[in-house]
1. Give the residue, chosen from ALA109, ALA121, ALA167, ALA61, that is over 22 Å from ASP41 (Cβ atoms), of a type in the set (A, V, I, L, M, F, W, C) and in a helix (DSSP H, G or I).
2. Is there a residue in segment 99-120 that is at pLDDT below 90 and of a type in the set (Gly, Ala, Ser)?
3. Report the residue count in segment 82-104 for those that are free of Cβ contacts under 8 Å to residues at least 12 places away in the same chain and assigned to a helix (DSSP H, G or I).
4. Filter segment 105-156 down to residues that are surrounded by fewer than 17 Cβ atoms within 10 Å (Cβ to Cβ), out of contact with any Phe, Trp or Tyr (no Cβ under 6 Å at 6 or more places or on another chain) and without any contact (Cβ under 8 Å) to a residue 60 or more places away in the chain, then give me how many there are.
5. Only one of (1) over 21 Å from PHE103 (Cβ atoms); (2) part of a helix (DSSP H, G or I) fails for ARG46. Which number is that?
6. Does ILE69 fit the bill of being more than 20 Å from PRO149 (Cα to Cα) and either buried (at least 18 other Cβ atoms within 10 Å of the Cβ) or touching a strand residue (DSSP E or B) at 6+ places or on another chain (Cβ under 9 Å) (or both)?
Amino acid sequence: MNLSRRSVILGIGSGVLLLGGVAAVRSVTPGDPAPGFAVLDAEAARIGRVLAERFIGPDHAAVPVMEEIDATLAALPEVGEVWRKLPLLFERAPLIDGYMQPFTALGAADQEAVLEGWAAASKLVRRQIYRGLHDLIVSHFYMHAASWPLIRYGGPWVGRIELPVHAPRFDWRQP
């Protein structure tokens, strides 16, 4: 078996990258809830805000998205523990993919590339994590009344507009 210098260097580099990726995924342990939060720790809230900026755009700051998500997770303790770990996993995953920095330290273009990679990943679990975080963040943004003027939505009609109640045109009780 001939070992070239290139194959040895590539093998060592791949091993280091693999070990670093395994260590990054195993170190996903959330801390205590951040001040003002019931479930999310400070790191998960920070990562979530960066994800909100990528998913929503510059208007993301109009809504306290992570606070709203925290309130939802507090009401669902059986899923709260799982959801609070996902931003931390997402933060460390670029290290597995060959980036030398965590997700929030990457530039905007690299963050977009990571997100596109997760959205179109061949592994189902990556697509599910991406879709879950995306849908959770975006839904909590659009459910909040502070986002409605940004999208020119006047709000729900119930209680805002009086709708007439008409008498029935036929008697539905007769055969």
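1. Values: ALA121 fails: in a helix (DSSP H, G or I); ALA167 fails: in a helix (DSSP H, G or I); ALA61 fails: over 22 Å from ASP41 (Cβ atoms).
Being over 22 Å from ASP41 (Cβ atoms), of a type in the set (A, V, I, L, M, F, W, C) and in a helix (DSSP H, G or I) holds for just one of ALA109, ALA121, ALA167, ALA61, which is ALA109.
2. Within segment 99-120, not a single residue is at pLDDT below 90 and of a type in the set (Gly, Ala, Ser).
3. Going through segment 82-104, the residues free of Cβ contacts under 8 Å to residues at least 12 places away in the same chain turn out to be 82, 100-102.
In the following step, the residues that additionally are assigned to a helix (DSSP H, G or I) were identified as 82.
Residues in segment 82-104 being free of Cβ contacts under 8 Å to residues at least 12 places away in the same chain and assigned to a helix (DSSP H, G or I): 1 in total.
4. 30
5. (1)
6. Details: more than 20 Å from PRO149 (Cα to Cα): yes; either buried (at least 18 other Cβ atoms within 10 Å of the Cβ) or touching a strand residue (DSSP E or B) at 6+ places or on another chain (Cβ under 9 Å) (or both): yes.
It is true that ILE69 is more than 20 Å from PRO149 (Cα to Cα) and either buried (at least 18 other Cβ atoms within 10 Å of the Cβ) or touching a strand residue (DSSP E or B) at 6+ places or on another chain (Cβ under 9 Å) (or both).
The values are calculated or read from the model by the stated rules, or taken from the named source; none is laboratory data. Quick caveat, the model's predicted, so the values are computed rather than measured. FYI the Cβ positions are ideal-geometry reconstructions off the backbone, even for glycines, and counts take in every protein chain you see.
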